[in-house]
Every structure is written in structure tokens, then in C-alpha cells.
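As C-alpha cells, the structure follows; a few thoughts come after it.
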Amino acid sequence: MVAELVPLKDLHKMDPVFGQVSFDDHEQIVFCNDKDTGLKAIIGIHNRVLGPALGGTRMWNYTNEWEALNDVLRLSRGMTFKSAVAGLNLGGGKAVIIGDAKTQKTPELMRKFGEFVHSLSGKYITAEDVGMQTEDMDTVHEVTPYVTGISESKGGSGNPSPVTAYGVYMGMKASAKYKYGSDSLAGKKVLVQGIGNVGVTLVDYLVKEGAIVTIADISESRLQEVAAKYGVQIFTGTDLYSADVDIYAPCALGATINDDSVYKIKASIVAGAANNQLADENKHGKILQERGILYAPDFLINAGGIINVYAEIEKYDKAESLRRTENIYNTTLEIFDYAVKHNITTHAAALTFAQNRINQRKKEMQK
Ligand code: NAD
């Protein structure tokens with residue numbers, strides 16, 4: 001992630017929009033303001049070659065507007081590649097709402113945001129992200145059809161997290177197959193960092209398969225709850241990254257593979273749900289490769305959620321969502337092969353797969 005190279009405090013020194021380090025030929029950036037509801041949002045449309053730009057809305061108490069802009073640019077670009085590599089006919093988009101989701105989010109604000117989404121006539125389709133719940137998407141749906149992730153009772157696909165977890169599990173099994181010659185995770189020591197919506201379902205799959213699971217989280221109550229339910233160990237050491245495990249599954253925050261952690265990791269596989277795990281995708285991807293650690297690209301194996309919401313557009317059922325998500329296993333293996341063949345990192349290989357699909361579609365459109 002290029003943006004990490006520029007300290008957030010220095011972002012304002014760059015040109016306001018097109019000069020931002022995370023700007024990557026985005027098609028359109030929309031600034032939304034409404035005095036009455038206090039809405040301040042930015043919608044980023046990165047690329048629509050494969051289809052409408054779909055991506056979640058994040059509500060976050062950003063330190064300043066530069067940080068919010070940087071986030072929407074970076075996240076919308078990520079969505080382009082995530083959907084492309086997952087084989088979906090979707091482009092990349094994302095929205096950020098500046099504010100505290102706990103105290104500033106109101107139905108009026110969400111409806112106003114929905115009106116801005118609607119004004120783009122379907123170029124951008126929104127969904128849930130950090131700070132959003134399924135009910136918020138239901139509120140947005142009152143004013144626009146360009147929203148996914150609405151409640152199952154209202155005809156939507158519901159909570160995408162369990163499907164995301166299934167895809168991560170598939171990506172992890174493919175990684176084990178590649179690294180150890182068998183995709184069985186039985187007896188493998190797996191550290192799951194972050195046992196939220198996705199992490200906990202991943203723990204469930206792992207425990208059922210007989211993996212030896214250790215969990216880490218900043219929430220002590222959550223740790224106790226999950227440890228008691230699944231009989232897994234809680235990480236108690238001082239340095240999580242040097243834990244003696246086979247597989248490290250980042251399922252909390254991004255950028256956990258950084259200058260500090262990258263040389264400490266003892267695991268031989270990194271496979272998790274968090275977005276943007278590599279603080280610097282080129283540098284840290286390369287170091288993992290040199291250290292013989294197999295990295296399952298985040299945007300490849302965490303695509304179950306977007307596959308699940310895409311069902312609302314393509315009108316397929318849960319079984320089909322799971323079938324498509326299961327295919328992450330095969331794609332992951334293909335990408336590992338491609339990386340070895342071309343002597344590039346697995347992250348670069350996944351990006352190449354995604355870019356090739358976009359280029360191919362562009363060519364077809366020009367015919
Ligand atoms: P969540 O908010 O439900 O869970 C995150 C968990 O991480 C929480 O339990 C939190 O306490 C914990 N956490 C936060 N900071 C931590 C830290 N420093 N160390 C350890 N634990 C920490 O989120 P989620 O929906 O489970 O998503 C997890 C990750 O996967 C996020 O990065 C998200 O962007 C990504 N992701 C989620 C989906 C999805 O469908 N939910 C899809 C794609 C990617």
C-alpha cells in the first residue's frame with residue numbers, strides 16, 4: 001500500500017486530490033456535504049471497466065479530511081482488484097463518512113448519504129463496511145436501489161462475514177496444499193489475530209478440522225467468550241509475530257506486516273481476512289517471499305463477502321455464493337503457480353491476474 005510511505009501528517013503537503021499518493025487514475029471522486037444532518041462523506045469510484053463500482057461505506061472518526069480522502073482512494077482501488085480477481089463483473093468503489101459511528105450516525109444522515117449514492121445513478125453501489133450495520137443499509141435502501149448487503153428479510157444477502165470467513169478458510173487450505181503438500185489443517189498451529197465477525201467463524205472451521213488454534217484480540221471479554229466456546233488457547237506472549245505457529249491469520253487490522261513485524265514472523269503461511277495486510281505491498285511482499293513465507297493475498301482470499309453481496313445484483317442464492325467462494329481455493333493455487341513461474345510475489349501475481357482481466361475487457365469493449 002503506497003500510502004503508508006507518506007506519514008499521514010504530511011498528506012496535506014501534497015496536491016489536494018490528483019496529487020495524493022493513493023490517487024491511481026480514479027474515475028470520479030464525489031464530496032458530499034449536508035449541513036442539516038452533519039453528513040460529510042467522500043465517494044471514490046476507481047474503475048468501472050468490469051461493471052458498476054461496488055464497495056462498502058466506512059464511517060470513521062478520521063483525524064482530518066486528508067486521512068479520509070487517502071482512505072477512500074486506497075480502499076476503492078483495492079475493490080477494483082478484489083472483484084476482478086474474484087471473477088465478478090464489478091468495478092471498484094468505496095465511500096467514507098467522516099464521523100463517529102457510535103454517536104453521529106442517524107437514520108437521517110444515512111438517508112441523506114443514500115440520496116448522494118442515488119445521484120450517481122448506479123455508477124457506485126454501496127454496501128456495509130466498518131462502522132455500518134445491515135440496518136444502515138436497509139435505511140439507505142429506503143432512498144436508493146443502489147445498495148447491497150440489506151437484510152435477508154428484505155430480500156438481501158444479509159451479513160457477509162461468514163462467507164468471507166469461508167473464503168479465507170479455502171485460501172488457507174490452498175496455501176497448506178502448496179506449502180505442505182496436503183490441504184489438511186489438522187494438527188497445524190494457527191494464530192488468529194482478531195476474533196470479530198470473520199475471525200470467529202474462521203476459528204469454527206479450523207477447530208472442526210482439528211487445527212490447534214490460538215486467538216488474540218484487544219477485547220478481553222471477546223477472548224474469554226470465544227476461548228470458552230471453542231476450547232482454543234488465548235495468546236499470552238509478549239510478541240504475537242514471533243509466536244511459534246505454522247499459520248498466521250491476520251483478521252483484525254491492516255498493515256500488520258510491516259518493518260517491525262516482517263522479520264519476526266515464524267509462521268510459514270500468512271492467510272487472513274484483514275484488508276491491506278502488507279504495509280508496503282512491494283517491499284513487505286518481497287521480504288516474505290525471500291524468507292520463504294507463503295503469503296495468500298488478502299484481497300484474493302477475503303473476497304467471499306463481495307461474492308455474497310454480488311448475489312443481490314446477479315440474483316443467485318446462498319448455495320451459489322458458497323460455491324463461488326469455494327473456488328477461491330483453485331484461484332489461490334493458480335496464483336501461487338503463476339508467482340513461481342514468473343518469479344514475482346504472490347501479491348503481484350494476484351494483481352496481474354486482476355489487471356489482465358480488466359485489460360481484456362477493455363480490449364473487447366474497444367472492438
Ligand atoms: P470486526 O470489527 O467484527 O472484528 C475485528 C476484531 O479485531 C475485533 O474483535 C477487534 O476487537 C479486534 N481487534 C482490533 N484491533 C486489534 C488488534 N490490534 N489486535 C488484535 N485484535 C484487534 O471485523 P470483521 O468484520 O471480523 O473483519 C475483520 C477484518 O477483515 C477487517 O480488517 C475487515 O476489513 C476485513 N474484511 C472483512 C470482511 C467482512 O465480510 N466482514 C470482508 C473483507 C475483509
Q: Identify the single condition in (1) crowded, with 23+ Cβ neighbours inside 10 Å; (2) part of a loop (DSSP other than H, G, I, E, B) that LEU69 does not satisfy, given that it satisfies every other one.
A: (2)
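For every residue, the table says whether it meets (1) in contact with a helix residue (DSSP H, G or I) (Cβ under 7 Å, 6 or more places away or on another chain); (2) without any contact (Cβ under 8 Å) to a residue 60 or more places away in the chain.
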{"position": "ALA68", "(1), (2)": "no, yes"}
{"position": "ASP71", "(1), (2)": "no, yes"}
{"position": "THR106", "(1), (2)": "no, no"}
{"position": "LEU120", "(1), (2)": "no, no"}
{"position": "LYS123", "(1), (2)": "no, no"}
{"position": "THR134", "(1), (2)": "no, yes"}
{"position": "THR148", "(1), (2)": "yes, no"}
{"position": "LYS154", "(1), (2)": "yes, yes"}
{"position": "TYR169", "(1), (2)": "yes, yes"}
Q: Select from region 214-266 the residues that are touching a residue at least 60 places away in the same chain (Cβ under 8 Å), of a type in the set (A, V, I, L, M) and within 13 Å of the ligand (Cβ to nearest atom) and list them in ascending order.
A: ALA249, ALA255
**Q.** Tally, over region 150-173, of residues that are within 14 Å of GLU128 (Cβ to Cβ) and more than 15 Å from the chain's Cα centre (by Cα)
**A.** 7
Q) Quick one: how many residues across region 134-184 are under 18 Å from TYR295 (Cα atoms), part of a loop (DSSP other than H, G, I, E, B) and of a type outside the set (D, E, K, R)? A) 3
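Starting from residues that are more than 16 Å from the ligand (Cβ to nearest atom) and part of a loop (DSSP other than H, G, I, E, B), keep the ones in region 185-198 and report whichever is nearest to ILE265 (Cα to Cα). Please lay out each step first, then the result.
First pass over region 185-198, keeping only residues more than 16 Å from the ligand (Cβ to nearest atom): 185-189.
Add one more test, that the residue is part of a loop (DSSP other than H, G, I, E, B), and what stays is 185-188.
On the way: LEU185: 19, ALA186: 21, GLY187: 19, LYS188: 16 Å.
Among residues in region 185-198 that are more than 16 Å from the ligand (Cβ to nearest atom) and part of a loop (DSSP other than H, G, I, E, B), the one nearest to ILE265 (Cα to Cα) is LYS188.
Given the criteria surrounded by fewer than 20 Cβ atoms within 10 Å (Cβ to Cβ) and either within 16 Å of the ligand (Cβ to nearest atom) or in the same structural domain as ASN47 (by TED's automatic domain parsing) (or both), does GLU128 qualify? Working first, answer last.
Numbers: surrounded by fewer than 20 Cβ atoms within 10 Å (Cβ to Cβ): no; either within 16 Å of the ligand (Cβ to nearest atom) or in the same structural domain as ASN47 (by TED's automatic domain parsing) (or both): yes.
Considered against the rule, which asks whether it is surrounded by fewer than 20 Cβ atoms within 10 Å (Cβ to Cβ) and either within 16 Å of the ligand (Cβ to nearest atom) or in the same structural domain as ASN47 (by TED's automatic domain parsing) (or both), GLU128 comes out as no.
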Q. From ASP15, ASP24, which residue is touching a residue at least 12 places away in the same chain (Cβ under 8 Å), of a type in the set (Asp, Glu) and either assigned to a loop (DSSP other than H, G, I, E, B) or surrounded by fewer than 18 Cβ atoms within 10 Å (Cβ to Cβ) (or both)?
A. ASP24
Q. Taking region 159-184 as the search range and keeping residues that are of a type outside the set (A, V, I, L, M, F, W, C) and near the ligand (Cβ under 9 Å from one of its atoms), which one is modelled with the lowest pLDDT?
A. ASN159
Q. Considering only region 251-270, how many residues are buried (at least 16 other Cβ atoms within 10 Å of the Cβ), assigned to a loop (DSSP other than H, G, I, E, B) and under 18 Å from the mean Cα position of the chain (by Cα)?
A. 6
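The values are calculated or read from the model by the stated rules, or taken from the named source; none is laboratory data. Predicted model, so just to flag it, every value in this text is computed and none were measured. Positions of Cβ are backbone-derived with ideal geometry, glycine not excepted, and every protein chain shown enters the neighbour counts.
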